[in-house]
Amino acid sequence: MKNIYLLLIIAMFTFVSCKNDNQESFDKPTNNEVTKKISGQELFEGEGNCIACHKPDQKIIGPSLQEIAKIYKEKNASIVLFLKEESDPIIDPSQYDIMKTNFAITKSMSDDQLKALEDYIYTFSK
Ligand code: HEC
């Protein structure tokens, strides 16, 4: 009957270690509790890699951020909708096919992330 004692010991040990885990999460705040502000710039230069084709003040492969911000403001259009492929290109439709390849990334982003990208682009309007 030694096995029963062994099982009891294991059960107790498991119980104790679970309890410790819970205790810990009560003591210190976890990262989940701190809502991080999404940085549009980080998304633009990191995850989205938009910077490869869009520079602040000069056209390279894609239009400059100044131009995008200016025209979207003037037309009161939504960059978020564009990045969800729910509105048509208004700046350079002839090059739209190149931009389209990015929708796989932007469509996997949350609305908050897309809004952060939009806000970031708008910081370049003069
Ligand atoms: C491979 C190059 C490339 C990358 C990477 C790229 N773009 Fe573009 N983008 C373009 C080109 C070319 C155009 C011009 C075609 C057009 O207007 O749709 C464009 C146009 C745009 C426009 C204007 C759309 C309009 O109304 O005409 C926005 C806004 C935009 N890009 C945002 C982004 C964002 C945000 C990212 C990152 C998630 C990104 N782009 C990544 C090439 C790129």
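State, to one decimal in nm, how far the label point of Q95 lies from the label point of N76, with both points 7 Å from Cα in the Cβ direction.
Between Q95 and N76, the simple spin-label model gives 2.8 nm.
To the nearest Å, what is the center-to-center distance of region 48-65 and region 81-95, using C-alpha atoms only?
Using only Cα atoms to place each centre, the spacing works out to 15 Å.
Could you check the spin-label model distance between E45 and K107? Points 7 Å from the Cα along Cα→Cβ, value in nm.
2.9 nm
Where does each of 56-67, 84-95 land if you order them by average Cβ count within 10 Å, highest first?
Highest to lowest by the protection proxy: 56-67, 84-95.
Here, each number is a calculation from the coordinates, and none is a lab measurement. Being a predicted model, the structure only gives us computed values, none of them experimental. Note that each Cβ is placed from the backbone with ideal geometry, even for glycine, and that neighbours are counted across all protein chains shown.
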